[in-house]
Amino acid sequence: MSFVLVTNDDGVHSPGLAALADSASDLGSVVVIAPDRNRSAIGHALTLDSPLRADEIRSGVFSVDGTPTDCVNLGVHGLVDGRPRLVVSGINLGANLGDDITYSGTVCAAMEAALMGFPSIAFSLDAREFTFDDLARSSAVVTYLINTVVSIGLPSGIFLNVNIPSGVISGISLTFQGKRHYGEGIVKKTDPRGRSYFWIGGGENGFADLPGSDCNAIAAGHVSITPLRTGLTSESALQLLADWPLSFTMD
Ligand code: MN
């Protein structure tokens, strides 16, 4: 038996997860395995120092006290019978563009699936809250893209990072990973006992204006589809570094 494995990093109770699972159910059997709480920005973390519990809170919906990458591992390696035909992650609340990619539990869940050889797609909505209209539009995009991936397939080691604009969708673009700017960066404050504390991620985000990038596509109201690869080696830098006078031997 094969199934579509659905996960996210916003947690098992996210409306975005429910919308994704609902769209994926058009393909047949769906299994949802998701973190029991919001694990956004957990990246590609894998839990190795504690046991994992998976509670089936509804039929075919598992709540796991672990990370999105843990959830993909459980879905592939025996929590349920059969193997995924497709792994989808999201729909994340908030875009995952440019520099966000390696922080994102949403994207790294799709990366984990690609590392294991499964076709996978990460979906994110560029919004601060889920509205009925945005979820309906996002579901239509999800249905279209998962049908496309299932019928055509993806090259080995390649997965898709899909971002969906909020509001009316004016197009769909293939993009490359752009460059985000993170406003103030770190906010420093003082707590009631006089000690300093810090918040990372304060300030509004901007982005570099790079035609063809994921950031530009979203700013133009387009769905952005970025094909990503699991192998991070830079082929061009391998050529460049071949000219380094590298020589090392132990005495
Ligand atoms: Mn998230």
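All of the numbers you see were taken from the coordinates with simple rules; none came from a lab. Just so we're clear, the structure is a prediction, and the values are computed from it rather than from any experiment. When we count neighbours, we look across all protein chains shown, and the Cβ atoms used for this are built from the backbone with ideal geometry, even at glycine.
Here are some notes:
- Dipole-positive endmost among P51, T233, Y197 within the chain (Cβ charges, Cα centre): Y197
- Helices of the chain meeting both criteria, an alpha-carbon length of 18 angstrom or more along the long axis and an average Kyte-Doolittle score not below -0.5, with helices taken as full DSSP H segments, are 132-152.
- Selection from L246, F3, Y182 lying farthest towards where the dipole of the chain points positive, charges on Cβ: Y182
- Neighbour counts of C-beta atoms inside 10 Å place H222, H13 in the sequence H13, H222, starting with the fewest.
- Taking only the C-alpha atoms of the range 122-251, the Rg (one decimal) and the largest Cα-Cα distance, Dmax (whole number), read 20.8, 68 Å.
- Gain upon complete extension [R58, I200; 0.36 nm per residue less C-alpha separation]: 47.6 nm
- Longest stretch of the chain clear of exposed loop sites (GluC sites (Glu not before Pro), DSSP loop, at most 16 other Cβ atoms within 10 Å, sites excluded): 1-128.
- Taking only alpha carbon atoms, the range 33-85 gives an Rg to Rh ratio of 0.94, where Rh is the Kirkwood radius.
- Looking at the chain alone, DSSP beta bridges between its own residues are antiparallel in about 40 percent of cases.
- Whether the range 123-169 is rounded, prolate or oblate, judged on the alpha carbon gyration tensor where a/c under 1.5 counts as rounded: prolate
- Under 5 Å from the amide H of V223 lie the amide H atoms of S170, G171, I172, S173, each residue being 5 or more positions distant or on a separate chain, with H modelled from the backbone and absent for Pro and chain starts.
- Two-decimal ratio, the range 183-241, of alpha-carbon radius of gyration to 2.2 N^0.38 Å: 1.84
- When the square roots of the Cα gyration tensor eigenvalues are ordered a ≥ b ≥ c, the ratio a/c for the range 90-169 is 1.5 or more and a/b does not exceed b/c, which makes its shape oblate.
- Net charge dipole, the range 78-158: roughly 300 debye, given to the nearest 20, about the Cα centre with Cβ charges of +1 for Lys and Arg and -1 for Asp and Glu.
- Charge dipole magnitude, Cβ of K and R +1, D and E -1 - the chain, Cα centre, debye nearest 20: 180 debye
- For the chain, the share of alpha carbon pairs falling in successive 5 Å distance bins from zero is 1, 6, 13, 17, 18, 15, 11, 8, 5, 3, 2, 1, 0, 0 percent.
- The base-10 log of I(q)/I(0) for the range 30-170, evaluated at q = 0.21 Å⁻¹, reads -1.41 [Debye formula, identical scatterers on Cα atoms, solvent excluded].
- Sparsely packed loop sites in the range 17-73 (the trypsin sites (Lys or Arg not before Pro) outside DSSP H, G, I, E and B with at most 14 other Cβ atoms within 10 Å) comprise R37, R53.
- Percentage relative contact order, the chain, counting C-alpha pairs under 8 Å, at least six apart: 18 percent
- Sequence-separation-based contact order of the range 110-182, relative, with Cα cut under 8 Å and 6+ spacing, percent: 47 percent
- The calculated FRET efficiency for D26 paired with L232, based on their beta-carbon distance and R0 = 35 Å, is about 0.55.
- Assuming charge only on the beta carbon of Lys and Arg (+1) and of Asp and Glu (-1), the dipole of the range 6-148 about its Cα centre is about 260 debye to the nearest 20.
- Spin-label proximity, S151 to the range 83-99 - amide N less than 20 Å from point 7 Å beyond Cα toward beta carbon: 85-88
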